[in-house]
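> Got a structure for you, questions after.
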Amino acid sequence: MDYTYNITEDKDCKRIIEAEIPKDKVDEKFNEVFKLIKKEAKIPGFRPGKVPISVIKSRFAKDAAAEVGERLVEEAVEEIVKEAKLSPISPPVVSDIDIKQGEPINFTASIEVAPEIKIEKTTGFTIKKGSETITNNDVDRAYAAILDIESTLEISDEPAKEGNFVTVDMEKTFDLEDRLPQKEFKNFGIELAKETALPAFFDGLMGMKPDDEKEIYVEYPMDYPEKALTGAKLKFKVKVIAVKKKVQPEMNEEFFKKFGDGIKSPEEFKEKIKLDLQARRNKEIQEDIREQVIKSVILHNQFDLPQTLLDRYLEDVVEDFKKESKGKDVDESEIREKYRPIGIRVIRWSLLMHKIAEQQGIKAEKEDVDKWIESFADRYNMTAEQAKEMLKESRKVQEVKEAVLEAKVQSYILDNSEIVDAE
């Protein structure tokens, strides 16, 4: 090694390299660069390649110094990193450098390296498992929700009551603080439901019929979603245009066919709903268990996270939002702030997951990947070969391997932890 150097640790996985390149190596590189410049230099009064070296050194001293510095510092950092067995994840940032022929080069380089991960705990966790039970009440609520969605609205001649949709024309008559710029609202729809309508409108519109008019005083709550109206006090002159009631669909073969073959009665429909709810619940439970594993591993195995990895993640997120926005402006700073904690979690888990796999000899074997692809093919009604070709074309094969490896690491952790029923 031709260099003398010292490496110190800094925060965020940075290493500060302070090094010196010896005078002899600097002079050698200067002479090499000057010879190259001499061959190519075009100076009036001299033939190509015949310019005196003294002229070359005078005219191209700065260019030569820049070239020498770039080459020697790059070589020095590369050799120092190799000898010190560092694992850089970003290019070095060089500072405090002064380059002169006949003198050694002293420089400082900051470089981010892969974090040193010391696994403290990956097993022995207590994982809480949610209830798998689907009750009749769960089924009834889902059944009612489906009927509500499938219902149609029909004009009603009766006074408005809970569950109806009322169409009104409204005119603002009082707004002391001018909190609502718009004065008139035509064909404004309000559902008479306690969960969605403001109490003033719910109570005020109850019992009204088309052409009825009334003045309604509204106090907007402090937690109202539209911030401009929180705590506002307004009055509206309201005229009912129409009252509509929900009419549930007829329970016939045409209706049941929307939800699967073989359903012929409400009882069979509810049984199908129960199976769907059970599948969804099972999936939610597995997702929750997975999240508990990730949180437990991250909590018990802390390490410094390189800023570069987080910056790259957030940059990818921003780029995805730009693509989806189709030319519209996006608030990059807001996106970065929102996804920062997500990025930290994703990166930490990925690094820890690979470290655990390495320590335990866990690998995504070919048969594991093939099994995953076969399952994928079954779900989408294609052959395994078609699935493989599709994954290759979309460059998703590596993602499949990562998914398989993650699943095996999760299984290892769960096999060596305790799963208890949540209270």
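> State whether the residues of the range 203-224 include one that is touching a residue at least 40 places away in the same chain (Cβ under 8 Å), under 30 Å from Cys13 (Cα atoms) and of a type in the set (D, E, K, R).
Among the residues of the range 203-224, not one is touching a residue at least 40 places away in the same chain (Cβ under 8 Å), under 30 Å from Cys13 (Cα atoms) and of a type in the set (D, E, K, R), which makes the answer no.
> Which members of the range 118-145 meet the condition of being in a helix (DSSP H, G or I), surrounded by fewer than 16 Cβ atoms within 10 Å (Cβ to Cβ) and among the hydrophobic types (A, V, I, L, M, F, W, C)?
Ala144, Ala145
> Right, here's the next one. Would you mind finding the one in Ala142, Ala197, Ala193 that is modelled with pLDDT of 95 or more and either among the basic types (Lys, Arg) or over 30 Å from Glu74 (Cα atoms) (or both)?
Ala142
> Can you tell me how many residues within the range 387-423 are loosely packed, with under 10 Cβ neighbours inside 10 Å, part of a helix (DSSP H, G or I) and modelled with pLDDT of 90 or more?
1
> Looking at (1) exposed (fewer than 15 other Cβ atoms within 10 Å of the Cβ); (2) part of a helix (DSSP H, G or I); (3) among the small types (Gly, Ala, Ser), find the lone condition where Ala377 falls short.
Just one mismatch for Ala377, condition (1).
> Right, here's the next one. Only one of these is more than 23 Å from Leu153 (Cβ to Cβ) and either touching a His at 6+ places or on another chain (Cβ under 6 Å) or surrounded by fewer than 16 Cβ atoms within 10 Å (Cβ to Cβ) (or both): Glu250, Glu215, Glu195. Name it.
Among Glu250, Glu215, Glu195, only Glu215 is more than 23 Å from Leu153 (Cβ to Cβ) and either touching a His at 6+ places or on another chain (Cβ under 6 Å) or surrounded by fewer than 16 Cβ atoms within 10 Å (Cβ to Cβ) (or both).
For every residue, the table says whether it meets (1) within 28 Å of Met353 (Cα to Cα); (2) assigned by TED's automatic domain parsing to the domain that holds Glu215; (3) among the aromatic types (Phe, Trp, Tyr).
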position: Lys85; (1), (2), (3): yes, no, no
position: Ile99; (1), (2), (3): no, no, no
position: Asn137; (1), (2), (3): no, no, no
position: Ala142; (1), (2), (3): no, no, no
position: Ala160; (1), (2), (3): no, yes, no
position: Pro181; (1), (2), (3): no, yes, no
position: Gly189; (1), (2), (3): no, yes, no
position: Leu192; (1), (2), (3): no, yes, no
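> Check Gly207 against each of (1) of a type outside the set (Ser, Thr, Tyr); (2) within 36 Å of the chain's Cα centre (by Cα); (3) part of a loop (DSSP other than H, G, I, E, B) and name the one condition it does not meet.
Failed condition: (2).
> Looking at the range 38-61, is at least one residue at pLDDT 75 or above, surrounded by fewer than 14 Cβ atoms within 10 Å (Cβ to Cβ) and over 30 Å from Tyr313 (Cα atoms)?
no
> Of the residues Glu226, Glu291, which is under 30 Å from Thr133 (Cβ atoms), outside the structural domain of Asp12 (by TED's automatic domain parsing) and not hydroxyl-bearing (Ser, Thr, Tyr)?
None of the other options fit; the residue is Glu291.
> What is the one condition in (1) within 30 Å of Ala145 (Cβ to Cβ); (2) part of a loop (DSSP other than H, G, I, E, B) that Gln182 does not satisfy?
(1)
> Would you mind finding the one in Pro115, Pro159 that is within 30 Å of Asn301 (Cβ to Cβ), part of a loop (DSSP other than H, G, I, E, B) and not polar (S, T, N, Q)?
Pro115
> I'm checking my understanding of the structure. Among residues of the range 1-21 that are surrounded by fewer than 14 Cβ atoms within 10 Å (Cβ to Cβ) and not β-branched (Val, Ile, Thr), which one is modelled with the lowest pLDDT?
Met1
> Which one of the conditions (1) touching a helix residue (DSSP H, G or I) at 6+ places or on another chain (Cβ under 8 Å); (2) without any contact (Cβ under 8 Å) to a residue 40 or more places away in the chain; (3) farther than 30 Å from Pro159 by Cβ does Glu287 fail to meet, given that it meets all the rest?
Every condition holds for Glu287 apart from (1).
Rundown of residues vs (1) in the same structural domain as Glu399 (by TED's automatic domain parsing); (2) under 27 Å from Thr126 (Cβ atoms); (3) of a type in the set (A, V, I, L, M), yes/no style:
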position: Ile273; (1), (2), (3): yes, no, yes
position: Asp329; (1), (2), (3): yes, no, no
position: Ile342; (1), (2), (3): yes, yes, yes
position: Ile356; (1), (2), (3): yes, yes, yes
position: Gly361; (1), (2), (3): yes, yes, no
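The values are calculated or read from the model by the stated rules, or taken from the named source; none is laboratory data. Because the structure is a prediction, the values reported are computed rather than measured. We place every Cβ from the backbone using ideal geometry, glycine too, and count neighbours over all the protein chains shown.
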